[in-house]
Amino acid sequence: MTQTLLVLGSANADLVVEVGRRPAGGETVLGGDTVVLPGGKGANTAVAAARVGASVALVGAVGGDGYGSLLRESLESSGVDTALVKTSSRPTGIAYITVTPDGENSIVVSPGANFDVSPSDVDGLSFEGAQVLTCSLEVPLETVVRAIGAASGAGVRTVLNLSPVAELPAETLRQLTVLVVNEHEAAQLAPDWSDLLALGPDSAIVTLGARGAAVVQRSGVVEVPAVEVAEVVDTTGAGDAFAGALSARLAEGDDLVKAAKYAAKVAALSVTKAGAQPSYPTAAEVG
Ligand code: RIB
């Protein structure tokens with residue numbers, strides 16, 4: 001492997017519909033036309049990193065269907081190496097996404113091929129040349145656990161975007177260089193941000209949406225201010241944009257606070273356009 005950043009995670013076709021408001025149980029609401037966009041937390045992270053200049057490979061799976069082709073095309077046109085994206089006999093993962101006028105989203109994921117990414121897919125991975133491994137959790141937990149263990153054993157820094165939240169083995173938490181969570185996820189894990197480090201990771205980042213992020217290290221908590229944007233169009237994939245840009249800068253040698261400041265800018269720009277991957281800025285656009 002020649003890439004400095006390795007991303008392990010999902011690739012989904014995002015079926016997006018704009019709604020005035022979300023239906024309650026048993027209720028039907030009408031929305032706009034469905035738009036199909038490339039998404040998935042892993043693919044989003046890899047694309048966000050590649051757009052800002054990282055040399056990145058994705059480890060994942062898609063189906064041998066049209067949505068799989070859509071994802072491969074988006075990854076490859078952004079410069080992500082897809083040699084480690086396998087074609088599964090299961091259908092490509094699909095995310096059913098509603099977006100309300102305030103730009104907020106809610107998502108149901110049907111994992112499909114993503115649940116075919118197995119520990120044996122990471123057993124043969126070479127970490128030669130890799131600086132950072134970044135994972136998220138829409139692929140089987142045991143695969144993520146195996147990958148983090150292998151990367152940490154090979155001296156590669158590990159970033160875990162703990163989304164969606166899952167219970168991790170204590171050893172895996174200790175093998176993390178950076179645990180990335182949003183404030184809801186953080187609240188499920190620990191009563192206080194600084195207690196996140198007691199779980200085992202070297203450091204943690206709590207993303208705070210429009211309020212920026214908090215970088216938690218043994219030396220203390222550094223608040224990274226938000227970057228203001230004129231209009232929030234769609235927040236889908238903003239957390240993945242943050243994780244991708246953060247990982248890209250860490251692989252380039254930035255310290256955690258500097259990398260988080262850059263990632264906050266990338267995440268802010270991503271909410272000004274519709275969709276996940278189509279909304280991610282290039283390094284020139286970040287400035
Ligand atoms: O984080 C946003 C992503 O979550 C979407 O692209 C969707 O595919 C789900 O994985």
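The values are calculated or read from the model by the stated rules, or taken from the named source; none is laboratory data. Here the structure is a predicted model, which means the values were calculated and not measured. Neighbour counts run over all protein chains shown; Cβ positions are idealised from the backbone, glycine included. These accessible areas exclude ligands, DNA and RNA; they are computed on the full protein's heavy atoms, side chains included. Shrake-Rupley method; radii C 1.70, N 1.55, O 1.52, S 1.80 Å.
Going through (1) open to solvent by less than 60 Å² (accessible area, probe 1.4 Å); (2) modelled with pLDDT of 95 or more; (3) closer than 20 Å to Glu185 by Cα one by one, Asp202 falls short only on (1). Taken over the stretch 61-86, the residue count meeting the criterion of being under 14 Å from Gly244 (Cβ atoms) and within 16 Å of the ligand (Cβ to nearest atom) is 4. Out of Val7, Val36, Val29, one residue alone is surrounded by 15 or more Cβ atoms within 10 Å (Cβ to Cβ) and at pLDDT 95 or above. It is Val7.
Once the stretch 215-235 is narrowed to residues that are at pLDDT below 95 and out of contact with any helix residue (DSSP H, G or I) (no Cβ under 9 Å at 6 or more places or on another chain), the residue that is farthest from the ligand (Cβ to nearest atom) is Ala230. Ser194: of a type in the set (Gly, Ala, Ser) and more than 16 Å from the ligand (Cβ to nearest atom), yes or no? Against the criterion (of a type in the set (Gly, Ala, Ser) and more than 16 Å from the ligand (Cβ to nearest atom)), Ser194 qualifies.
Could you tell me how many of the residues in the stretch 126-167 are assigned to a helix (DSSP H, G or I), open to solvent by 20 Å² or more (accessible area, probe 1.4 Å) and not aliphatic (A, V, I, L, M)? Reasoning before the result, please.
In the first step, residues of the stretch 126-167 are kept if they are assigned to a helix (DSSP H, G or I); the result is 141-153.
Next, only the ones that are open to solvent by 20 Å² or more (accessible area, probe 1.4 Å) stay: 141-142, 145-146, 149-150, 152-153.
Among the residues that remain, those that are also not aliphatic (A, V, I, L, M) are: 142, 146, 149, 152-153.
So the answer is 5.
Restricting attention to the stretch 236-271, the residues that are within 16 Å of the ligand (Cβ to nearest atom) and either among the polar types (S, T, N, Q) or free of Cβ contacts under 8 Å to residues at least 12 places away in the same chain (or both) total 3.
With respect to the conditions (1) buried (at least 24 other Cβ atoms within 10 Å of the Cβ); (2) free of Cβ contacts under 8 Å to residues at least 12 places away in the same chain; (3) not charged (D, E, K, R), Tyr280 falls short on a single one, namely (2).
Restricted to the stretch 163-191, and to residues there that are within 16 Å of the ligand (Cβ to nearest atom) and modelled with pLDDT under 95, the residue that is farthest from Ser106 (Cα to Cα) is Ala166.
Taking the stretch 236-270 on its own, how many of its residues are polar (S, T, N, Q) and either out of contact with any helix residue (DSSP H, G or I) (no Cβ under 7 Å at 6 or more places or on another chain) or under 18 Å from Thr134 (Cα atoms) (or both)? Please lay out each step first, then the result.
Restricting attention to the stretch 236-270, the residues satisfying the condition of being polar (S, T, N, Q) are 236, 247, 270.
Next, from what is left, pick out any that are either out of contact with any helix residue (DSSP H, G or I) (no Cβ under 7 Å at 6 or more places or on another chain) or under 18 Å from Thr134 (Cα atoms) (or both): 236, 247.
The qualifying residues number 2.
Somewhere in the stretch 87-107, is a residue touching a Ser or Thr at 6+ places or on another chain (Cβ under 8 Å), charged (D, E, K, R), open to solvent by less than 70 Å² (accessible area, probe 1.4 Å) and within 16 Å of the ligand (Cβ to nearest atom)? No.
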